[in-house]
Amino acid sequence: MDGQTTQILIAMVLYMAVVIGIGLIYAKRANQSSEDYFLGGRSLGPWVTAMSAEASDMSGWLLMGLPGVAYWCGLADAAWTAIGLAVGTYFNWLIVSKRLRRYSERANNAITLPDYFSNRFREDKKVIMTLSALFILIFFTVYASSCFVTCGKLFSTLFGAPYVAMMVLGAIFVLLYTILGGFLAESASDTMQAIVMIIALGVIVVLCTINAGGLGAVIDNAQSIPGFLEFFGLATPTVNEAGQQLVENGAPVFGDAREYGLLSVCSMMAWGLGYFGMPQVLLRFMAIRKEEELKMSRRIAMVWVVISLAVAVFIGIVGRALYPTVHLTATDAENIFITLATSSLPAILAGFVMAGILAATISSSDSYLLIAASAFAKNIYQGVCNKKATDKQVMTVTRITLLAIALIAMVIAMDENSVIFKIVSFAWAGFGATFGPIMLFSLFWKRTNKAGAIAGMVGGAGMVFLWKLVISKLGGAFAIYELLPAFIFSCICIVVASLLTAPPSKEIEADFEAVVAGK
């Protein structure tokens, strides 16, 4: 290990020590009860609510996946995805946050998303609770695997070590930290990590733009590539049979630009729909100490999101100008942020910037593991299998479940050729279509009933798999992002099933009217 690598490692170790310190500070309180462990006792302030929601949401794909897409095929895919996410963030905070905070308390003080859905419809047999918990387990396991892939790529690229060993090492660290501190530690560290992430993005984009010869030089380079700097065009790298981009006379080879029509725009913008069903964000709405503070949280969150997404996309554009032939596959393109950081900063500072990637990964994976484990321990084990389970038993099952989920996610992440962006997009679609529609209908349509909720969740989740694995293979218009058709199908299922079955009980309607009235 050379001197530069040693300095990077030291900086990252210092960062991880701070993260562990936060876990230790909150560990005692987190273990007082399952409510403290899973929801922090509804005590989050507006800054922590906003910053932890966005940091846990964005994950490592913000620093690796999104810049990788922009580096590989240009502006369109990355930019429209970012725009969709920004719009979705705004409307989620604007229309969902306050009512969910109010309704989750009305619904027998629900502390998990399955709790909320089950109590909202006053079910006895816990069908909705079980289904929602199972879907959370499935999609968060996939999501956690994307974070472990990020750890593996980061450490193997920096230290030249085998990918699998580095991926497992990162996963173990995340697992131990999540077991230690619970929701409060996760939210506090996520706030710090959100700050690290946005500083890392800002420093790199400024320095690398200067190194590339200024903003004009970056734009000129991007414009020289057909379709690379267009909102309605897409660059097409010319690749060989192994998927590696060809290089001629020291320059990457691109084919003619592909047309990027309205359907493609809608497909990428559909990423914004995912927010309405994203448990790690929705839980922050439930955990804030006062409903009135959500307005400030929304403003903080929007500033962070817009800046971070815009800079992440531009990093890919700058990377193509500075290092046009370094990353020659779609998978390797996701390492462009690492290349820029290690080449433009002194080693010790590069280490702290690399900690930004680690920050993004930790802030997301601990959320995913904790929410998935709570879905099983609190909602399936205590809610269905052992209703007399004590808090201590629930906490024990939670930690066992954390280990099991992490092991499965590590198996999924074993393939070092995995593309982070693609893994995240599938899990995002799963949550968005499974929970997004029923979240909106449960908050805003009084006629929604239990049958509608079940039909919407099953229909949305099923359509994600069907569209991704079967229908999208037909190509053409069917190649759109699976979230859009699955979200629409889930909405149809909710409306049809609700109207074809008996209306909600008077008690359920009274709950709805009380929440609407602000009680």
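The values are calculated or read from the model by the stated rules, or taken from the named source; none is laboratory data. Keep in mind it's a predicted model, so treat the numbers as computed, not measured. Neighbour counts run over all protein chains shown; Cβ positions are idealised from the backbone, glycine included. When the accessible area is computed, the model is the full protein with side chains, heavy atoms only, and any ligands, DNA or RNA have been set aside. Shrake-Rupley method; radii C 1.70, N 1.55, O 1.52, S 1.80 Å.
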query = Out of segment 405-448, which residues are modelled with pLDDT of 90 or more and basic (Lys, Arg)?
reply = 446, 447
note = Within segment 314-324, of all residues that are open to solvent by 10 Å² or more (accessible area, probe 1.4 Å) and assigned to a helix (DSSP H, G or I), the one nearest to residue 199 (Cα to Cα) is 314
ask   = Of all residues in segment 238-279, how many are open to solvent by less than 20 Å² (accessible area, probe 1.4 Å) and part of a strand (DSSP E or B)?
value = 1
key: Check on residue 504, in a loop (DSSP other than H, G, I, E, B) and buried (at least 18 other Cβ atoms within 10 Å of the Cβ)   = yes
remark   = The number of residues in segment 201-233 that are assigned to a loop (DSSP other than H, G, I, E, B) and of a type in the set (Ser, Thr, Tyr) is 1
ask   = So which residues in segment 458-501 are more than 21 Å from the chain's Cα centre (by Cα), open to solvent by less than 20 Å² (accessible area, probe 1.4 Å) and among the β-branched types (Val, Ile, Thr)?
value = 494
Candidate set from segment 84-101 (those that are in contact with a Gly (Cβ under 8 Å, 6 or more places away or on another chain) and buried (at least 20 other Cβ atoms within 10 Å of the Cβ)); member that is farthest from residue 288 (Cα to Cα) = 84
inquiry  = Let me spell it out: the conditions are (1) over 27 Å from residue 315 (Cβ atoms); (2) in contact with a Gly (Cβ under 9 Å, 6 or more places away or on another chain); (3) buried (at least 24 other Cβ atoms within 10 Å of the Cβ), and residue 165 meets all of them except one. Which number is the exception?
reply    = (3)
request  = Starting from residues that are in contact (Cβ under 8 Å) with a residue 12 or more places away in the chain and open to solvent by 10 Å² or more (accessible area, probe 1.4 Å), keep the ones in segment 328-342 and report whichever is farthest from residue 241 (Cα to Cα).
outcome  = 342
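For (1) farther than 20 Å from residue 337 by Cβ; (2) modelled with pLDDT under 80; (3) in a helix (DSSP H, G or I), each residue gets a yes or a no:
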site	(1), (2), (3)
119	yes, no, yes
125	yes, no, no
161	no, no, no
180	yes, yes, yes
188	yes, yes, yes
191	yes, yes, yes
199	no, no, yes
task = Could you look through segment 280-296, keep only residues that are surrounded by 24 or more Cβ atoms within 10 Å (Cβ to Cβ) and either out of contact with any Lys or Arg (no Cβ under 7 Å at 6 or more places or on another chain) or among the small types (Gly, Ala, Ser) (or both), and pick out the one that is nearest to residue 142 (Cα to Cα)?
result = 280
ask   = Out of segment 262-300, which residues are over 27 Å from residue 457 (Cα atoms) and polar (S, T, N, Q)?
value = 297
request  = Scan (1) part of a helix (DSSP H, G or I); (2) in contact with a helix residue (DSSP H, G or I) (Cβ under 8 Å, 6 or more places away or on another chain); (3) at pLDDT below 85; (4) not small (Gly, Ala, Ser) for the single condition residue 99 breaks and write down its number.
outcome  = (3)
